[in-house]
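Peer 1: Have a look at this one.
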Amino acid sequence: MLKGIDPLLNADVLRALRAMGHGDDLIIADTNFPSDSVARQTVIGKVLRIDAPCARAVRAVLSVYPLDTFVDDAAARMEVVGEPNTILPVAAEVQAEIDAAEGKSWPMISIERYAFYERAKKAYCVIQTHERRFYGCFAFRKGVIPPDTV
């Protein structure tokens, strides 16, 4: 345990989050997502785990992870097949965590299922949660932390 660090952020996850650079993608996925096979194609090359529901995992990650302010797709969700405008409860909960972490309303785009898989394969890493609700899959693009003012 470390002071000030969410206990869900295990050593493997912290290492990956710290190693990522501006513009790198992070995938947080539900338990049904093909995390292992997709993760083998990412920079890390193996699946990481946070054993919690998606929204709780997102809260932990966003406590240390800046979102990219230079792009419109820094936060994304896998859209429901055939229903791109449907916002399921898991996505609403994650949206609330994003807004809380950023201190303002932060738009989350939707990505068609197979396009989401392609984005995930190019990601830095995949974190699988124990979320069992469908469509609990999200992508987050890493931003920057500005220098301290003098």
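Where a number appears in this text, it was derived from the coordinates with a stated rule and is not lab data. Because the structure is a prediction, the values reported are computed rather than measured. Cβ placement follows ideal geometry from the backbone for every residue including glycine, while neighbour counts extend to all protein chains displayed.
Peer 1: Cα gyration tensor of the chain, axes a ≥ b ≥ c as square roots of the eigenvalues: rounded (a/c below 1.5), prolate (a/b > b/c) or oblate? Working shown, then result.
Peer 2: Numbers: a/c = 1.40, a/b = 1.21, b/c = 1.16.
It is rounded, given that a/c, with a ≥ b ≥ c, falls under 1.5.
Peer 1: A further question follows. About the Cα centre, and with charges only on the beta carbon of Lys, Arg (+1) and Asp, Glu (-1), how big is the dipole of the chain? Nearest 20 debye, please.
Peer 2: On the way: 18 positive and 20 negative charges, 95 e Å.
Here the chain has a charge dipole of around 460 debye.
Peer 1: What is the packing order of peptides 31-43, 98-110, 131-143, taking the mean over residues of other C-beta atoms within 10 Å and listing the highest first?
Peer 2: Details: 31-43: 17.0, 98-110: 14.3, 131-143: 22.1.
Ranking, from highest mean packing down: 131-143, 31-43, 98-110.
Peer 1: Summing -39500 (n - 2.57) over the DSSP H runs of n ≥ 4 in the chain and dividing by its residue number, what mean residue ellipticity at 222 nm do you reach, to the nearest 500 deg cm²/dmol?
Peer 2: On the way: 5 runs with 46 residues, N = 150.
Using -39500 (n - 2.57) per qualifying helix, the result is -8500 deg cm²/dmol.
Peer 1: Of the beta bridges DSSP finds with both residues in the chain, what % are antiparallel, to the nearest 5?
Peer 2: Among the beta bridges of the chain, antiparallel pairing accounts for roughly 50 percent.
Peer 1: How far, in nm, would the chain grow between Asp148 and Glu112 when pulled straight, counting 0.36 nm per residue and subtracting the alpha carbon separation?
Peer 2: Values: separation 36, 0.36 × 36 = 12.96 nm, distance 3.88 nm.
Taking Asp148 through Glu112 to full extension adds about 9.1 nm, to one decimal.
Peer 1: Take the residue pairs Lys3/Lys46; Lys3/Lys122; Lys46/Lys104 and return only those whose Cα atoms are more than 31 Å apart. If you can, show how the numbers build up before the last one.
Peer 2: Numbers: Lys3/Lys46 28 Å; Lys3/Lys122 33 Å; Lys46/Lys104 33 Å.
Violating the 31 Å Cα-Cα cut-off are Lys3/Lys122; Lys46/Lys104.
Peer 1: May I ask for the distance between the Cα centers of the range 44-100 and the range 121-138, given as a whole number of Å?
Peer 2: Spelled out, the Cα-based centre of one part sits 9 Å from the other.
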